[in-house]
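Undergrad: Let me give you the structure first, and then I'll get to my questions.
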Amino acid sequence: MDGCAAQPGVSDPGPYRVILPERNFAPVAFASAHSGRAYTADLLSGVRLGSLSLRRSEDCFVDDLFAAAPAHGAALVAATFPRAFCDANREPWELDPGMFNEQLPDWVNTTSPRVSAGLGTIARVVASGEPIYGGKLSFLEAERRIAAYWHPFHDALRLAVEDIKARWGYCLLIDCHSMPSNAQGTRVNGRPVDFVLGDLYGAACSPRVTRSVEAFLCGRGFRVRRNDPYAGGYITKHYGQPAHDVHVLQIEIARGLYMDEKLIERSPGFAAMEDTITGLIALLTREAADLVG
């Protein structure tokens with residue numbers, strides 16, 4: 001079994017990890033909201049699916065790909081809880097009323113496109129479309145997860161951004177994700193796209209950030225697309241405020257470049273992708289002032 005495979009009954013490591021540079025802080029942070037893999041017995045209660053089905057909803061190993069960030073002066077904030085049970089890249093209260101055994105409060109967002117797709121803050125289905133639960137949940141359980149996982153992760157990310165902004169006057173946040181290699185809309189002229197960069201069509205960061213990342217990746221031979229089909233989720237929208245000196249770029253990496261998507265294991269391509277991402281980290285931390293200024 002892969003070293004990061006789901007293991008029912010593992011202890012809860014806390015909702016997030018924050019790894020800070022020991023010195024020479026750069027004005028850059030990296031966030032991974034979907035790479036958590038702590039499948040505790042508590043979260044697995046009532047689940048009808050096996051570990052592989054659950055893990056296909058993860059951005060598997062993305063936190064590992066970006067692990068060099070602190071060595072280059074950047075903060076790394078990573079969720080440890082699985083996306084399938086609480087999605088930190090959603091609003092805190094995007095919930096599907098059909099999942100719960102009671103009527104939801106009026107202030108809950110029950111009509112967003114994410115909820116309709118079964119992928120709200122508490123997901124109804126995994127990436128393949130299979131239902132996660134055998135029965136309905138209580139609203140109290142949703143409140144518990146959002147309080148125990150969603151809010152602590154965002155508190156940590158907000159503090160990291162605020163600390164960088166206090167040190168430098170601005171912050172560049174990279175929102176790190178992965179996408180299935182066969183995801184709908186990720187082919188150009190019949191060929192799969194390797195990276196999708198999301199900047200909310202220019203609203204979330206300086207255009208120089210997006211152009212620089214695109215040029216770096218294209219220079220390494222990758223096929224890159226902007227904003228289609230992933231323009232940015234909650235993190236990009238909520239934190240990306242260039243007028244207030246916080247710039248956010250979402251990066252989606254095709255999983256087939258670095259992992260076996262069926263077995264949920266690192267592939268021989270992992271080392272090469274890690275090298276590419278480390279090079280990108282070095283570029284962004286070195287040139288952040290010119291990119292967002």
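The values are calculated or read from the model by the stated rules, or taken from the named source; none is laboratory data. Source: prediction; values computed, not measured. When we count neighbours, we look across all protein chains shown, and the Cβ atoms used for this are built from the backbone with ideal geometry, even at glycine. Just so you know, the surface numbers come from the protein's heavy atoms only, side chains and all, with ligands and any DNA or RNA stripped out. Shrake-Rupley method; radii C 1.70, N 1.55, O 1.52, S 1.80 Å.
Undergrad: Per residue, what volume in Å³ does the convex hull of the Cα atoms of the stretch 131-238 enclose?
TA: On the way: hull volume 15.4 nm³, N = 108.
Convex hull of Cα atoms, per residue: 143 Å³.
Undergrad: Which percent of the accessible area of the chain is formed by carbon and sulfur heavy atoms (probe 1.4 angstrom)? Write down the numbers at each step before the final one.
TA: On the way: 6310 of 12320 Å².
Exposed carbon and sulfur together represent 51 percent of the surface.
Undergrad: Sticking with this one: If I take the Cα coordinates of the stretch 217-264 and project them onto the principal axes, what are the three extents in Å, biggest first?
TA: Extents along the principal axes: 41, 27, 17 Å.
Undergrad: What is the helix-to-structure angle for 270-292, meaning the angle in degrees between its Cα long axis and the longest Cα principal axis of the chain, kept from 0 to 90 and rounded to the nearest 10?
TA: For 270-292 against the chain, the angle is about 60 degrees.
Undergrad: Using 0.36 nm per residue of separation minus the Cα-Cα distance, give me the extension gain between Ser116 and Arg17 in nm, one decimal. It would help to have the intermediate numbers written out before the result.
TA: On the way: separation 99, 0.36 × 99 = 35.64 nm, distance 3.06 nm.
Once the chain is fully extended between Ser116 and Arg17, it gains 32.6 nm.
Undergrad: I want to verify a result. In a Gaussian network model of the chain, Cα cutoff 10 Å, which of these has the top mean-square fluctuation: Ala117, Ala254, Ala282?
TA: Looking only at Ala117, Ala254, Ala282, the largest GNM fluctuation is found for Ala117.
Undergrad: Where the eigenvalues come from the Cα gyration tensor of the stretch 241-281, what are the semi-axes √(5λ) of the equivalent ellipsoid, largest first, in whole Å? Numbers along the way, then the final one.
TA: Values: eigenvalues 168, 33, 6 Å².
Calculated on Cα positions only, the semi-axes equal 29, 13, 6 Å.
Undergrad: Could you tell me how many degrees, from 0 to 90 and to the nearest 10, lie between the Cα long axis of helix 207-219 and the main elongation axis, the longest principal axis, of the Cα atoms of the chain?
TA: 90
Undergrad: Something else about it: What number comes out for accessible area per residue over the chain if the probe is 1.4 Å? Units Å², please. Before the final figure, lay out each step's value.
TA: Working: 12320 Å² over 293 residues.
On a per-residue basis, the chain sits at 42 Å².
Undergrad: Report Rg/Rh for the chain, rounded to two decimals, where Rg is the Cα radius of gyration and Rh the Kirkwood radius. Could the numbers behind the result be given before it?
TA: On the way: Rg = 18.4 Å, Rh = 19.3 Å.
The Rg/Rh ratio comes out at 0.95.
Undergrad: Given 0.36 nm per residue, what is the gain on full extension from Asp275 to Ala215 after removing their alpha carbon distance, in nm? Can you show the working numbers first?
TA: Values: separation 60, 0.36 × 60 = 21.60 nm, distance 1.64 nm.
Value of the extension gain: 20.0 nm.
Undergrad: Let me ask something else about it. Among the lysines, select those whose C-alpha is under 22 Å from the C-alpha of Lys262, and discard any that sit fewer than 8 residues away in the same chain.
TA: Straight-distance partners of Lys262: none at all.
Undergrad: Under the definition of Cα pairs under 8 Å and six or more residues apart, what whole-number percent is the relative contact order of the chain?
TA: Details: 577 pairs, mean separation 62.3, N = 293.
Averaging sequence separation for qualifying contacts and normalising by length gives 21 percent for the chain.
Undergrad: OK, next. Pull out the extension gain between Arg286 and Ala148, defined as 0.36 nm times the separation in residues minus the alpha carbon to alpha carbon distance; nm, one decimal. Display every interim value, and only then the final one.
TA: Details: separation 138, 0.36 × 138 = 49.68 nm, distance 3.56 nm.
Extra length from Arg286 to Ala148 when fully extended: 46.1 nm.
Undergrad: Here's a follow-up. How big is D, in µm² s⁻¹, for the stretch 170-293 by Stokes-Einstein at 4 °C and 1.567 mPa s if Rh is the Kirkwood radius over C-alpha pairs? Can you show the working numbers first?
TA: Numbers: Rh = 14.8 Å.
In µm²/s, the coefficient is 88.
Undergrad: Using a 10 angstrom Cβ neighbour count of at most 15 plus a DSSP loop assignment to flag exposed trypsin sites (Lys or Arg not before Pro), which longest range of the chain is free of such sites?
TA: Working: sites that count: Arg23, Arg48, Lys136, Arg220, Lys262.
In short, 49-135.
Undergrad: So which chymotrypsin sites (Phe, Trp or Tyr not before Pro) in the stretch 190-246 end up in coil per DSSP with only 15 or fewer other C-beta atoms within 10 Å?
TA: Details: sites: Phe195, Tyr201, Phe216, Phe222, Tyr230, Tyr234, Tyr239; in loops: Tyr201, Phe222, Tyr230.
Here the chymotrypsin sites (Phe, Trp or Tyr not before Pro) that fit, given the DSSP loop and packing criteria, are Tyr201.
Undergrad: Using only the C-alpha atoms of the stretch 1-146, find the volume of their convex hull and express it per residue in Å³.
TA: Values: hull volume 17.7 nm³, N = 146.
Expressed per residue, the convex hull around the Cα atoms of the stretch 1-146 is 121 Å³.
Undergrad: Would the stretch 188-230 count as rounded, prolate or oblate if I go by the C-alpha gyration tensor, calling it rounded below 1.5 in a/c and otherwise prolate when a/b exceeds b/c, oblate otherwise? Walk me through the intermediate numbers first.
TA: Working: a/c = 3.36, a/b = 1.35, b/c = 2.49.
Taking the square roots of the gyration eigenvalues as a ≥ b ≥ c, the stretch 188-230 is oblate.
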